[in-house]
Amino acid sequence: MSGWLRVIGLGPGSAEWLTPEASALLHEATDIVGYMPYVESVPATVTAKRHASGNGVELERAREALKMAAGGSRVAVVSGGDAGIFGMAAAVFEAMENGDGAWRDLDVAVVPGMTALLAAAARVGAPLGHDFCVMSLSDYLKPWPVIEKRLQAASVGDFVLALYNPASKTRREQLTAALDCLRKHRGPETIAIAAKSIGRAEEQMMVTTLAALNPEDVNMRTLLIIGSSCTRRIRRPGKPPFVYTPRFYEEMP
Ligand code: SAH
């Protein structure tokens, strides 16, 4: 039996956002490997053996998965959203580059998924209608000064800014520091969106301003979108507003 490895993005939560390609491969796999909450969210109809592990062991998990594929298993390494965006795909290639030379001959491919940003943006309108950039606020794998430099650069560039991993239960001060940094460069009325658990039962969407955004409203299941100087909101009586960034650029920042 010849093994393979597919790094699969499961989408941000809802079964409707799992692609047919990803679903078919999960059903062909003999083994599912990933961080526990993602392994648990694989549909119950998938009969493959599940190998769930904790947070922060991405590289070991990737090595294990490559070893299993080399041994003939059909391995699905799963991530939430898209596996290439702050997910397992880069860890698999890091393990491949630094591991057993034979792993480079394996049948390995990445299967795209819908990243949380696309789901969150669609819910609120079209905040990504013009140039945007994406960052993770976690300083677990990069030093804080790098994050700060990039926040400043994104602000100076007047990009719409999407922030993954804005905070966790214990990691709170980065968010406060990031908001301080952004508030130095962008006006208080800049639109800020806190998209929480999009596609899940507890989904919550908050549209506010950079000045009013309360870090208490942000948890580890939240994606933040900070508008550019052009991002605007369409107010609607009795309904949540739409937010969009026009396709043309109106003013120099
Ligand atoms: N690979 C994932 C991102 C993993 S990093 C993807 O492509 O979506 C984890 C971060 O993603 C969270 O801290 C949060 O910022 C964001 N996120 C993941 N799922 C989300 C969801 N359903 N709603 C809002 N944000 C989500």
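The values are calculated or read from the model by the stated rules, or taken from the named source; none is laboratory data. A quick note: this is a predicted structure, and the numbers were derived from the prediction, not measured. All Cβ positions, glycine included, derive from the backbone under ideal geometry; neighbour counts span all protein chains shown. Remember, those area values only see protein heavy atoms, side chains included, never the ligands or the DNA or RNA. Shrake-Rupley method; radii C 1.70, N 1.55, O 1.52, S 1.80 Å.
Please identify which residues in region 68-95 have an amide N closer than 20 Å to a label point set 7 Å out from the Cα of R150, following the Cα→Cβ vector.
What the label zone holds, given the 20 Å backbone N cut-off, is 79-95.
What whole number of Å gives the distance from the Cα centroid of region 15-34 to the Cα centroid of region 191-209?
27 Å
Can you list the lysines whose alpha carbon sits under 29 Å from that of K239, skipping same-chain ones fewer than 8 residues off?
Straight-distance partners of K239: K196.
Please give, to one decimal in nm, the separation of the simple spin-label points placed at E216 and C133, each 7 Å out from Cα toward the Cβ.
So the two model labels end up 3.2 nm from each other.
Note the angle between two axes, namely the Cα long axis of helix 173-185 and the longest principal axis of the Cα atoms of the chain, as a number of degrees from 0 to 90, rounded to the nearest 10.
That helix lies at roughly 40 degrees to the long axis.
When only DSSP loop residues count, what GluC sites (Glu not before Pro) in region 193-253 have their Cβ near at most 15 other Cβ atoms within 10 Å?
Counting only loop positions with at most 15 other Cβ atoms within 10 Å, the GluC sites (Glu not before Pro) in region 193-253 are E202, E250, E251.
Please tell me the relative contact order of the chain in percent, rounded to the nearest whole number, where contacts are Cα pairs under 8 Å and at least six residues apart. Don't skip to the end; give the middle numbers.
Numbers: 500 pairs, mean separation 48.1, N = 253.
Relative CO of the chain lands at 19 percent.
Helix 88-98 sits at what angle to the longest principal axis of the chain, using alpha carbons and giving 0 to 90 degrees rounded to 10?
50 degrees
About its Cα centre, what dipole magnitude does the chain give when the only charges are +1 on Lys and Arg Cβ and -1 on Asp and Glu Cβ, stated in debye to the nearest 20? All intermediate terms of the calculation are to be shown ahead of the outcome.
Details: 27 positive and 27 negative charges, 141 e Å.
The dipole magnitude comes to about 680 debye.
Just going by the charge dipole of the chain, with Lys and Arg at +1 and Asp and Glu at -1 on Cβ, which of A76, M135, T231 is farthest out on the positive end?
T231
Quick check: Cα centre of region 108-162 to Cα centre of region 218-245, how many Å?
15 Å
State in Å² the accessible area per residue of the chain; use a 1.4 Å probe, count heavy atoms of protein chains only, and round to the nearest integer.
On the way: 12770 Å² over 253 residues.
Accessible area per residue: 50 Å².
Can you give the FRET efficiency to the nearest 0.05 for T176 and R50, using r as the Cβ-Cβ distance and R₀ = 35 Å?
Working: r = 38 Å, r/R0 = 1.07.
About 0.40, to the nearest 0.05.
Reachable aspartates and glutamates from K184, Cα under 16 Å, same-chain residues fewer than 8 places away excluded?
Within the straight-line cut-off, K184 pairs with E148, D158.
In region 144-253, which chymotrypsin sites (Phe, Trp or Tyr not before Pro) are in a loop and have at most 10 other Cβ atoms within 10 Å, using DSSP for the loop call? Mind showing how you got there, number by number?
Working: sites: F159, Y164, F242, Y244, F248, Y249; in loops: F159, F248, Y249.
Answer by residue number: F248.
In 5 Å bins starting at 0, how do the alpha-carbon pair distances of the chain split up by percent?
Pair shares across the bins are 1, 6, 13, 16, 16, 14, 12, 10, 7, 4, 2, 0, 0.
Where does the longest stretch of the chain lie that holds no trypsin sites (Lys or Arg not before Pro) found in a DSSP loop with 15 or fewer other Cβ atoms within 10 Å?
On the way: sites that count: K169, R171, R172, R200, R247.
So the longest stretch without any such site is 1-168.
Straight-line reach from K169: which aspartates and glutamates fall under 16 Å, measuring Cα to Cα and dropping same-chain residues less than 8 apart?
D139, E216, D217
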